[in-house]
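Engineer: Next up is a structure, given as structure tokens.
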Amino acid sequence: MLTLHHHPFSTASRFVRLVAAEYGLSLDLVVEKPWERRRDFLMLNPAGTLPVLVENDGPPICGASVIMEYLDETRGYAMGDRRLMPNHAETRAEVRRLVDWFLGKFDAEVVGYLVHEKIFKLEIPRDKGGGEPDSAVLRAARANIRHHLKYIGWLTATRDWLAGGRISFADLAAAAALSCVDYLGEVPWDADETTRAWYGLIKSRPSFRPLLADRILAIPPAATYADLDF
């Protein structure tokens with residue numbers, strides 16, 4: 001049994017959910033609010049960060065990239081052509097670089113700002129940093145996302161998929177990040193048609209369906225979120 005401690009609008013958590021679905025794995029999902037610093041969760045991951053995967057009675061596996069490597073090492077070889085990590089060392093390095101880009105840089109410059117300001121602040125008590133969104137932070141995220149969309153567009157225009165000739169962890173990391181922003185209606189899809197076409201392919205995959213069903217009670221999804229023909 002695989003148990004994933006996650007938040008529905010954590011980019012890293014969504015990435016792991018996509019990877020598991022692509023590998024045909026069922027997850028028992030446990031929602032965590034990391035700002036609460038729940039004692040039992042801190043016993044799993046003293047850093048207090050998401051996601052954390054536990055398989056049966058094994059030790060906790062902390063962090064999206066570590067979980068990615070674990071699932072690939074334990075299941076990837078059985079996937080054949082559907083394996084999400086390429087065989088060639090140089091392409092593997094490029095996959096890892098792009099996963100780090102989207103789960104790190106893109107999340108820090110865009111997704112983290114928007115999700116924190118527009119979703120997490122609704123759940124965090126005001127005395128712990130919750131409250132109204134900071135308009136200056138939102139403006140920064142909206143400016144930053146256009147550069148990232150152009151970069152994704154350049155990658156998909158020069159390659160079949162983001163890291164090379166077939167879909168990989170890199171595509172899932174980028175799609176996980178964009179899906180959080182898409183829910184909020186904050187992706188300017190007219191900024192790059194190549195990116196839009198690539199995201200449409202990812203969004204249509206069966207592994208994406210559970211993400212499209214995610215909802216925040218106080219915030220309905222944007223009209224484009226679950227529309228495969230957006």
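Engineer: Of 121/203; 121/150; 118/150; 33/121, which pairs sit farther than 18 Å apart, going by alpha carbon to alpha carbon?
Structural biologist: Details: 121/203 27 Å; 121/150 29 Å; 118/150 24 Å; 33/121 11 Å.
Among 121/203; 121/150; 118/150; 33/121, the Cα-Cα distance tops 18 Å for 121/203; 121/150; 118/150.
Engineer: Choose one of 168, 157, 143: the residue whose Cα lies farthest towards the positive end of the charge dipole of the range 89-170 (beta-carbon charges +1 Lys, Arg; -1 Asp, Glu; about the Cα centre).
Structural biologist: Projecting each Cα onto the dipole axis, the largest value belongs to 157.
Engineer: Within the range 59-92, find all residues whose amide N lies under 16 Å from a label point positioned 7 Å from the Cα of residue 30 along Cα-to-beta-carbon.
Structural biologist: 59-63
Engineer: Pick from 80, 164, 153 the residue whose mean-square fluctuation is largest in a GNM of the chain, springs joining Cα atoms under 10 Å.
Structural biologist: Evaluated over the chain, the most mobile residue of the options is 80.
Engineer: So what's the gap between the Cα centers of the range 67-84 and the range 157-199, to the nearest angstrom?
Structural biologist: So the separation of the two Cα centres works out to 22 Å.
Engineer: Given +1 on the Cβ of Lys and Arg, -1 on the Cβ of Asp and Glu, and no further charges, what dipole in debye does the range 143-222 carry about its Cα centre, rounded to the nearest 20? Present the calculation step by step, with values, prior to reporting the outcome.
Structural biologist: Details: 9 positive and 8 negative charges, 38 e Å.
Here the range 143-222 has a charge dipole of around 180 debye.
Engineer: Where both partners of a DSSP beta bridge lie in the chain, what percent of those bridges are antiparallel, to the nearest 5? Walk me through the numbers on the way to the answer.
Structural biologist: Values: 7 of 12 bridges.
Here the antiparallel bridges make up roughly 60 percent for the chain.
Engineer: Hey, any idea what % of the chain's accessible area is carbon plus sulfur with a 1.4 Å probe? Before the final figure, lay out the partial values.
Structural biologist: Values: 5790 of 10750 Å².
The computed percentage sits at 54.
Engineer: Scan around residue 185 for amide H atoms under 5 Å from its own, H built in the peptide plane at 1.01 Å from N, and keep only partners 5 or more places away or cross-chain.
Structural biologist: The answer is 222.
Engineer: Write out the GluC sites (Glu not before Pro) in the range 106-208 meeting two conditions: DSSP loop, and at most 10 other Cβ atoms within 10 Å of their Cβ. List each step's numbers first, then the result.
Structural biologist: Working: sites: 109, 117, 123, 186, 193; in loops: 186.
Here no loop site has a sparse enough neighbourhood.
Engineer: Name the residue from 76, 179, 210 whose Cα lies farthest towards the positive end of the charge dipole of the chain, charges +1 on Cβ of Lys and Arg and -1 on Cβ of Asp and Glu.
Structural biologist: The residue sitting most towards the positive pole is 179.
Engineer: Taking the Cα centre of the chain as origin and charging only Cβ (+1 Lys, Arg; -1 Asp, Glu), how large is the dipole, in debye to the nearest 20? All intermediate terms of the calculation are to be shown ahead of the outcome.
Structural biologist: Working: 28 positive and 31 negative charges, 32 e Å.
Rounded to the nearest 20 debye, it is 160 debye.
Engineer: Scan around residue 30 for amide H atoms under 5 Å from its own, H built in the peptide plane at 1.01 Å from N, and keep only partners 5 or more places away or cross-chain.
Structural biologist: Answer set, sorted by chain and number: 4, 5, 6.
Engineer: Next question. How far is it, in nm, from the label point at residue 57 to the one at residue 136 when both lie 7 Å from their Cα along the line to the Cβ?
Structural biologist: Taking the simple label geometry, residue 57 and residue 136 are separated by 5.4 nm.
Engineer: Then there is this: Say each of residue 159 and residue 146 gets a label point 7 Å from the Cα, pointing the same way as Cα to Cβ; how far apart are those two points in nm?
Structural biologist: 2.6 nm
Engineer: Sticking with the crude label model, points 7 Å out along Cα→Cβ, report the distance from residue 189 to residue 215 in nm, one decimal please.
Structural biologist: My value for the distance between the label points is 2.1 nm.
The values are calculated or read from the model by the stated rules, or taken from the named source; none is laboratory data. What you see is a predicted model; the values in this text were computed from it and never measured. Reconstructed Cβ throughout: ideal geometry from the backbone, glycine too, with neighbour counts over all protein chains shown. Ligands, DNA and RNA are stripped out before the accessible areas are found, and what is left, the full protein with its side chains, is counted by its heavy atoms. Shrake-Rupley method; radii C 1.70, N 1.55, O 1.52, S 1.80 Å.
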